[in-house]
Amino acid sequence: DVKVTQSSRYLVKRTGEKVFLECVQDMDHENMFWYRQDPGLGLRLIYFSYDVKMKEKGDIPEGYSVSREKKERFSLILESASTNQTSMYLCASSLIAAGSYEQYFGPGTRLTVT
Amino acid sequence: GENVEQHPSTLSVQEGDSAVIKCTYSDSASNYFPWYKQELGKRPQLIIDIRSNVGEKKDQRIAVTLNKTAKHFSLHITETQPEDSAVYFCAALTGTYKYIFGTGTRLKVLA
């Protein structure tokens with residue numbers, strides 16, 4: 001059973017702080033993703049990674065960076081948190097394999113920036 | 001850019017009735033279309049998916065149909081039950097890695 005875990009379920013940070021969100025998957029998946037989920041906007045892709053040290057910008061990368069030093073771990077970094085980054089953050093992973101496209105999601109981190 | 005439109009944003013049905021949620025995608029090269037269910041406070045979970053070479057797929061009470069020409073796909077839930085109440089997201093895989101999600105439909109099944 002695929003397991004995707006995130007370091008925190010709830011996080012409260014102050015404006016200007018540097019914030020790290022960690023995601024770990026245990027199924028040797030090549031692809032990892034960070035989304036933010038806001039009411040009425042669905043899931044919007046921030047960044048994704050298809051291999052160690054590889055990353056691609058998604059649709060809303062501004063204000064975020066990512067790090068993937070190991071295959072199982074994908075980190076989202078908010079360099080200087082702002083109130084408009086208050087949101088639910090979801091990590092996901094998937095295989096690169098013909099016929100296998102399913103994404104597996106983590107439980108989410110609800111971040112509040114005050 | 002690529003996008004996926006999803007309708008309706010909210011849907012209320014009586015228990016036992018059917019529910020239909022529709023999505024339209026823009027990238028004609030999209031080849032994989034999953035549907036996710038997200039219960040309150042939980043992670044999204046895949047409930048059914050369809051590939052571009054198939055027109056319809058069923059799994060018990062749920063089915064998905066795909067019209068490639070019109071670039072739309074739909075989720076059908078029959079004999080709805082209270083436990084079907086959740087937010088449903090459609091998505092389209094564009095390219096090798098990138099998934100574009102719809103904005104979600106909140107389904108309420110009234111007992």
Query raised in the report: Ballpark to the nearest 100 Å², how much total accessible area do B and A bury together, probe 1.4 Å?
Result: 1800 Å²
Report task. For chain A, please report how many Lys pairs fall under 15 Å Cα to Cα, leaving out neighbours fewer than 8 apart on the same chain. Result -> 5
**Report entry** Per residue solvent-accessible surface (Å²) - chain A, probe of 1.4 Å
**Finding:** 48 Å²
Report task. With springs connecting C-alpha atoms under 10 Å apart, model chain A as a Gaussian network and identify which of A:Y50, A:Y101, A:Y35 has the largest mean-square fluctuation. Result -> A:Y101
**Report entry** Per principal axis, descending, Cα span of chain A in whole Å
**Finding:** 43, 28, 24
Query - Eligible lysines near B:K22 by straight Cα distance, threshold 22 Å, same-chain separation 8 or greater - result: B:K37, B:K57, B:K58, B:K68, B:K71, B:K98, B:K108
Report task. With the full set of protein chains in place, find how many percent of the accessible area of the protein assembly as shown is carbon and sulfur; take the probe as 1.4 Å. Result -> 47 percent
Query raised in the report: B:D17 versus A:T86, label points 7 Å from Cα toward the beta carbon: distance in nm?
Result: 3.6 nm
**Report entry** Residues A:D26 and A:I60, FRET efficiency given R0 of 25 Å [Cβ-Cβ distance, rounded to 0.05]
**Finding:** 0.35
Query raised in the report: How large is the dipole of chain A about the Cα centre if only Lys and Arg carry +1 and Asp and Glu carry -1, each at its Cβ, rounded to the nearest 20 debye?
Result: 380 debye
Report summary line: Mean per-residue count of partner chain Cβ within 10 Å for A:27-37 equals 2
Query raised in the report: Considering the dipole of the protein assembly as shown built from charges on the beta carbon (Lys and Arg +1, Asp and Glu -1) around the Cα centre, which of A:T109, B:T10, B:N31 is farthest to its positive end?
Result: A:T109
Report task. May I ask which residue of A:H29, A:P61, A:V19 lies farthest towards the positive end of the charge dipole of chain A, with charges of +1 (Lys, Arg) and -1 (Asp, Glu) on Cβ and the Cα centre as origin? Result -> A:V19
Query raised in the report: How big is D, in µm² s⁻¹, for chain B by Stokes-Einstein at 20 °C and 1.002 mPa s if Rh is the Kirkwood radius over C-alpha pairs?
Result: 154 µm²/s
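The values are calculated or read from the model by the stated rules, or taken from the named source; none is laboratory data. As the structure is a computational prediction, the values presented were derived from the model and not from experiment. Ideal geometry is used to build each Cβ from the backbone, glycine not excepted, and the neighbour counts take in all protein chains shown. Accessible surface areas use protein heavy atoms only, side chains included; no ligands, DNA or RNA. Shrake-Rupley method; radii C 1.70, N 1.55, O 1.52, S 1.80 Å.
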